[in-house]
Amino acid sequence: MKKKIIKIILGSSTGLIIVSLIIIVSILMVYSFFGGEIFDSGYVEGNMEYAEVYRSVLNNNITRNINGYIPLSRLMYFYLEDDNLSLNEIYENNIDYELKTIKPFKEVCLEHYNSFYTCQETEILKNNHSDEYPFKPFNAPVKFEDTIITSYYGEERIVYDRFNIHYAWDFAAPAETPVYSIGDGIVKKVMFSQSTNKIDINNGFGNYIRIEYNVDDRIYEVIYAHLYPYSSKVQVGEIVKSWQEIATIGTTGYSTGNHLHWEVILENIKIDGLNLVDFNL
Ligand SMILES: [Zn+2]
């Protein structure tokens, strides 16, 4: 009787479609259970689930204690293998406290997670651990201790009922907190369209400044947005220096409160600027 039912199911085309759908759905369920894909850019698919915890870990290690930056992607290699670990503990295991930067993946494996699958030689070679790039040409755009990180690079979030992935950093602080140039650059745009410090969801970046930084013949375009009205201390064409104050924090444009939206673009791709910041500068 059972065999007959199976034969009927597999014999009919609808039966076959249903069976294949069940298989596909199960595969997808197993896949999502083990977490999403980790991209080389630092974006972790499905990261909304961890966003609140990760933001608090970031603030613990960047704005309250200035230890250094570890992207979520790096934490996920370990967390997805053992979710009994805490993100903060993994973060601390990945920090080189002396250099205030990320430790090489291999070193973290040897010290803490040697039995993990992700620490096998072949796995280490297969994954592009590009966040280890020791190139840190910039200083921070704010004094970290003045701010709270309210959104990280690659964060999946819902703002005003709209889903987006935030390929930039948000640093919240009281209105008129100083914003600094992250290096020696040239001011390309100073757009101050709002004269009052208020949210205008139809005005994108609100008041903003764009500065270009040429580092080893590569141009980094950097946007500092939602700035306080009339706070610009620079003009188009002006050469600015590292740590020079360029404006102050506001909440103009498509914003939810006083904060700096800080975006770094290299060859038309929004990259993770915090990977390029030297925490010792
Ligand atoms: Zn932002």
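Each Lys and Arg contributes +1 and each Asp and Glu -1, all at the Cβ; summed about the Cα centre of the chain, the dipole is approximately 1060 debye.
May I ask you to list the chymotrypsin sites (Phe, Trp or Tyr not before Pro) in region 94-171 that are in a DSSP loop and have at most 12 other Cβ atoms within 10 Å of their Cβ? Answer by residue number: TYR97, PHE135, TYR160. Protection proxy ranking of 267-278, 60-71, by the mean of other Cβ atoms within 10 Å over each peptide's residues and highest first, is 60-71, 267-278. Classified by the C-alpha gyration tensor, the chain has a prolate form. Its axis ratio a/c, with a ≥ b ≥ c, is 1.5 or above, and a/b is larger than b/c.
The H on the amide N of ILE249, modeled in the peptide plane, is under 5 Å from the matching H of GLU176, THR177, VAL179, TYR228, each at least 5 residues off or on a different chain. Determine the shape class of region 144-276: with a ≥ b ≥ c the square roots of the Cα gyration tensor eigenvalues, call it rounded for a/c under 1.5, and otherwise prolate if a/b is greater than b/c, oblate otherwise. Note, shape of region 144-276 comes out oblate. A Förster radius of 35 Å combined with the Cβ-Cβ distance from SER115 to GLU52 puts the calculated FRET efficiency at roughly 0.75. Which distance in Å, rounded to a whole number, links the C-alpha centroids of region 189-262 and region 86-131? Computed from Cα coordinates, the inter-centre distance equals 35 Å. Computed from the C-beta positions of LYS198 and VAL236 and an R0 of 35 Å, the FRET efficiency is 0.90 to the nearest 0.05. Projecting the Cα atoms of GLY273, ILE70, PHE39 onto the charge dipole of the chain (Cβ charges, centred on the Cα centre) puts PHE39 farthest toward the positive pole. Every helix of 4 or more DSSP H residues in the chain counts as -39500 (n - 2.57), and over all residues that averages to -7000 deg cm²/dmol at 222 nm. The string of couplings for region 91-104 from the Karplus curve (6.51, -1.76, 1.60, θ = phi - 60°) is 4, 5, 5, 9, 8, 9, 5, 6, 8, 6, 8, 7, 7, x Hz, one whole number per residue in order, with x for Gly and Pro. In terms of packing, defined here as the mean over residues of other Cβ atoms within 10 angstrom, the peptides 256-265, 199-208 line up highest first as 256-265, 199-208.
Looking at this model, which pairs from LYS106/LYS143; LYS143/LYS241; LYS198/LYS233 are more than 23 angstrom apart at the alpha-carbon? Check vs 23 Å cut-off fails for LYS106/LYS143.
Coordinate-derived values only; no laboratory data. All values derive from a computational prediction rather than experimental measurement. Cβ atoms come from the backbone with ideal geometry, glycine included; neighbour counts cover every protein chain shown.
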